[in-house]
Structures are given as C-alpha cells and as structure tokens.
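As structure tokens, the structure follows; a few thoughts come after it.
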Amino acid sequence: MSENKKINSKTKHLILCEGRDEKLFFIWFLDYFKNKSSSDYDKYNEIQIEDIGGNADFVKQLSVWKLVSDFENLKTVGIIRDAETDSSGALQSIQHCFSCNDLPQPQDCFELTEGEDGGIRTVFGILPGTKTGSKWDNGTLEDLCLKILKDPQSSEKIISISKYLDQAQNDFKYKINHMHKAKLHTYFSSNEPFIGSKIGEAAKRGAFNFESDILINFKKMFDDMVK
C-alpha cells in the first residue's frame with residue numbers, strides 16, 4: 001500500500017486530510033499566500049497535503065504513511081478533519097490516531113506539539129476551526145466555506161437559498177439531511193463561475209476569502225509549522 005504514496009523531495013511537513021475537497025481547499029489556501037511573497041512561496045512549498053479518505057481511515061493510513069521513504073525525516077505530521085456533530089469526539093479520535101502510531105498527542109486543536117529528542121512534531125485542526133467559549137464548534141468544511149464566501153452579497157444569497165430549500169422540503173415532503181452541503185452547492189450552481197464546481201475547484205476559481213479572520217487558526221497552524 002505504501003508504494004503508491006510518496007513524500008516529495010522538498011517536503012518537511014505532511015498534512016493528512018479527511019477527503020479530496022479538504023485537500024484541494026487547503027492546497028489553494030496555501031497557494032494564495034505563496035503568491036503574496038517569494039518568502040511565503042518557499043516556506044509553504046515545504047508542506048505536502050494528502051487525502052486519506054474518511055475519518056475511520058486515519059489510524060490505518062497514518063501507519064501506512066510511516067512506511068514511506070523519508071517519513072522519518074519529516075519535521076511535522078498534521079491531521080485536518082471535520083468535527084461533524086461532536087468536536088470533542090473528533091479531537092479525541094485524532095489524539096488516539098497519533099497515540100496508536102507512537103507519535104506525540106497534542107492536547108488541543110492547532111497546538112503544535114514537539115516530539116521527544118527532536119523527533120517528529122504533530123498538530124491537528126478540526127473544521128470549521130472556530131470556537132464558542134471553551135468548546136470547538138461542531139461542523140464541516142462546508143460550514144466553514146459558507147462563512148468565507150468572497151461575494152459581498154453572499155449572506156443575502158444564502159438567506160434566499162435557505163428559504164428556497166425550506167420551501168422545497170415543505171412542498172415535496174422530504175428532508176435534506178446535509179443542509180450545509182445543499183446550501184453551499186446551491187450557491188455554487190447559481191453563481192458564475194462556480195456552476196458545477198466542487199469545493200476545491202471553487203477555491204481555485206476564487207470563491208473564498210482566504211484573508212478571513214475565520215481562517216486564522218489554520219493560518220497560524222501552517223505558520224507555526226514552517227517557522
């Protein structure tokens with residue numbers, strides 16, 4: 001299984017994401033800052049982001065990545081996943097993943113943790129990456145994306161989209177189980193140039209405000225890694 005995985009020659013920091021959308025979203029997030037200055041380009045180019053599939057695959061997939069040539073030379077291994085409906089459970093699941101793979105366990109989200117005797121450091125982020133009081137918010141990448149749309153009229157459009165989706169459920173007697181996804185993709189389907197886009201494609205096409213304060217924890221996490 002490890003023969004299909006590769007750590008690039010410039011890679012010092014490996015980030016494993018829950019899915020392809022998360023992988024591409026953060027690739028374009030970093031690309032935005034790479035292009036702001038040459039120094040950012042060089043340091044962010046040391047970060048490699050990979051998709052490992054669903055939440056249940058993290059322990060197994062991290063163990064496979066540990067077998068890949070040059071893994072032992074990495075400075076940092078990180079994980080990004082959705083909080084879904086239980087941010088505390090997501091946090092504990094990631095800590096368990098690191099523990100099962102004999103890597104240090106960060107005590108909290110976005111907390112870069114040093115390895116013993118200069119070994120590999122670890123860090124993780126839980127989407128949407130925001131906090132209410134002392135607790136990390138439940139949610140997903142789509143919840144984050146809805147909050148950082150670059151379109152200045154996006155809030156009004158999302159209100160209209162929500163009314164439409166509520167009306168459709170009422171008229172046709174069915175329930176939308178993933179409303180956050182429905183809202184975001186209805187927004188994409190009704191706005192050029194995002195029609196038909198997945199999240200990664202929309203990120204590439206400029207749908208999101210990567211300077212948003214809502215992303216500050218992820219920006220700090222990447223900055224801490226490459227210092």
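Per-structure values
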item: Summed side-chain charge close to TRP136 - residues other than TRP136 whose Cβ falls under 14 Å, Lys, Arg +1, Asp, Glu -1; result: -4
item: From phi via Karplus (6.51, -1.76, 1.60), per-residue ³J(HN,Hα) for the stretch 108-116 in Hz, x at Gly/Pro; result: 7, 4, 6, 9, 5, 10, 6, x, 6
item: Entries of LYS34/LYS157; LYS6/LYS43; LYS36/LYS135 with Cα pairs more than 22 Å apart; result: LYS34/LYS157; LYS36/LYS135
item: For the stretch 62-77, Karplus couplings with θ = phi - 60° (6.51, -1.76, 1.60), whole Hz, Gly/Pro x; result: 5, 5, 6, 4, 5, 8, 6, 4, 6, 4, 5, 8, 5, 8, 9, 10
item: Tail weight of P(r) past 16 Å, computed on alpha-carbon pairs of the stretch 46-105, percent; result: 45
item: The stretch 49-165: equivalent-ellipsoid semi-axes (sqrt of 5 x gyration tensor eigenvalues, Cα, Å); result: 32, 15, 13
item: 222 nm mean residue ellipticity, helices alone, for the chain (DSSP H n ≥ 4; -39,500 (n - 2.57); rounded to 500); result: -13000 deg cm²/dmol
item: Binned Cα-Cα distances of the stretch 141-204, short to long, each 10 Å bin given as a whole percent; result: 21, 55, 22, 2
item: Residue order, fewest to most beta carbons within 10 Å, for SER69, SER212; result: SER69, SER212
item: Residue order, fewest to most surrounding Cβ atoms within 10 angstrom, among THR186, THR85, THR122; result: THR85, THR186, THR122
item: Residues ASP117, ASP224, ASP86, sorted so that the one with the fewest Cβ neighbours within 10 Å comes first; result: ASP117, ASP86, ASP224
item: Part-to-part distance (alpha-carbon centres) for the stretch 171-224 and the stretch 73-103, which is given in Å; result: 23
item: Percent of alpha-carbon pairs separated by more than 33 Å within the chain; result: 19
item: Residues with amide H under 5 Å from that of ILE15, placed H, sequence gap 5 or more; result: GLN48, ILE49, GLU50, GLY78
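No lab work stands behind these numbers, since they all come straight from the coordinates. Treat the numbers as computed from the prediction; the structure is a model and nothing was measured. Counting neighbours? That spans all protein chains shown, and the Cβs are built from the backbone with ideal geometry, glycine included.
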